[in-house]
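The structure appears right after this line, and notes come after that.
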Amino acid sequence: MTRCIFCDIIAGRSPAKIIYRDERAIAFYDRSPRTPVHALVVPLEHIASLNDLMPEHEALAGHLLLVAQQVACQENIAASGYRLVINTGRAAGQIVYHLHVHVMGG
Ligand code: 5GP
Ligand code: ZN
């Protein structure tokens, strides 16, 4: 596998403003925020994109949504509203090939 920036952040080899962490997922602020609150929810396991999600990841996929909800709560955008985005593949503009959910609001 070529070097993965999100694996580096998970391992503490690259800096990021981490706002949530548990045994399966991490969340940190996007370094180029496009909304007042712009965080990324990332599984600790390296899964390149939504296309690589397997049936055995079903619980993990649900967990990522609950983490996104938790992050929205922490960031005080749960009531006002927020958007989740998963860019998948070149035409969608995916640039980091480690699955992540954008949490955008505020
Ligand atoms: P996507 O792959 O869904 O198009 O977007 C990847 C997102 O990751 C972009 O919004 C980009 O700003 C963010 N990003 C890329 N590299 C880093 C990094 O090293 N640190 C942080 N915090 N965000 C990053
Ligand atoms: Zn990775």
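The values are calculated or read from the model by the stated rules, or taken from the named source; none is laboratory data. In this text, all values refer to a predicted model and were calculated from it rather than measured experimentally. Cβ: placed from backbone, ideal geometry, glycine included. Neighbour counts: every protein chain shown. Accessible surface areas use protein heavy atoms only, side chains included; no ligands, DNA or RNA. Shrake-Rupley method; radii C 1.70, N 1.55, O 1.52, S 1.80 Å.
Do we have VAL71 as in contact with a helix residue (DSSP H, G or I) (Cβ under 6 Å, 6 or more places away or on another chain), of a type in the set (Val, Ile, Thr) and under 22 Å from THR35 (Cβ atoms) here? In short, no.
Can you name every residue in the range 33-68 that is of a type in the set (A, V, I, L, M) and in contact with a Leu (Cβ under 9 Å, 6 or more places away or on another chain)?
Restricting attention to the range 33-68, the residues satisfying the condition of being of a type in the set (A, V, I, L, M) are 37, 39-42, 44, 47-48, 50, 53-54, 59-61, 64-68.
Matches in the range 33-68: VAL41, VAL42, ILE47, ALA48, LEU50, LEU53, LEU60, ALA61, LEU64, LEU65, ALA68.
The residues in the range 39-71 that are crowded, with 19+ Cβ neighbours inside 10 Å and within 11 Å of ligand 1 (Cβ to nearest atom) can be counted, and the count is 3. Being touching a helix residue (DSSP H, G or I) at 6+ places or on another chain (Cβ under 8 Å) and among the hydrophobic types (A, V, I, L, M, F, W, C) holds for only one residue in ILE86, ILE5, and it is ILE86. If you go through the range 82-104 and pick out every residue that is open to solvent by less than 30 Å² (accessible area, probe 1.4 Å) and over 14 Å from the mean Cα position of the chain (by Cα), you end up with 1. Does the range 77-85 contain any residue that is at pLDDT 95 or above, within 17 Å of CYS4 (Cβ to Cβ) and within 11 Å of ligand 1 (Cβ to nearest atom)? No, the conditions are met nowhere in the range 77-85.
When the range 13-38 is filtered for residues that are within 9 Å of ligand 1 (Cβ to nearest atom) and either closer than 12 Å to VAL103 by Cα or open to solvent by less than 60 Å² (accessible area, probe 1.4 Å) (or both), the ones remaining, listed by number, are SER14, ALA16, PHE28, TYR29, ASP30, PRO33, ARG34, HIS38. Regarding ILE10, is this residue more than 10 Å from ligand 1 (Cβ to nearest atom), under 12 Å from the mean Cα position of the chain (by Cα) and assigned to a strand (DSSP E or B)? Spelling it out, it is not the case that ILE10 is more than 10 Å from ligand 1 (Cβ to nearest atom), under 12 Å from the mean Cα position of the chain (by Cα) and assigned to a strand (DSSP E or B). Looking at the range 50-75 only, could you name the residues that are away from ligand 2 (no atom under 16 Å from the Cβ) and in contact (Cβ under 8 Å) with a residue 12 or more places away in the chain? If the condition is that a residue be away from ligand 2 (no atom under 16 Å from the Cβ) and in contact (Cβ under 8 Å) with a residue 12 or more places away in the chain, then HIS63, LEU65, VAL67, ALA68, GLN70, VAL71, ALA72, GLN74, GLU75 are the ones that fit.
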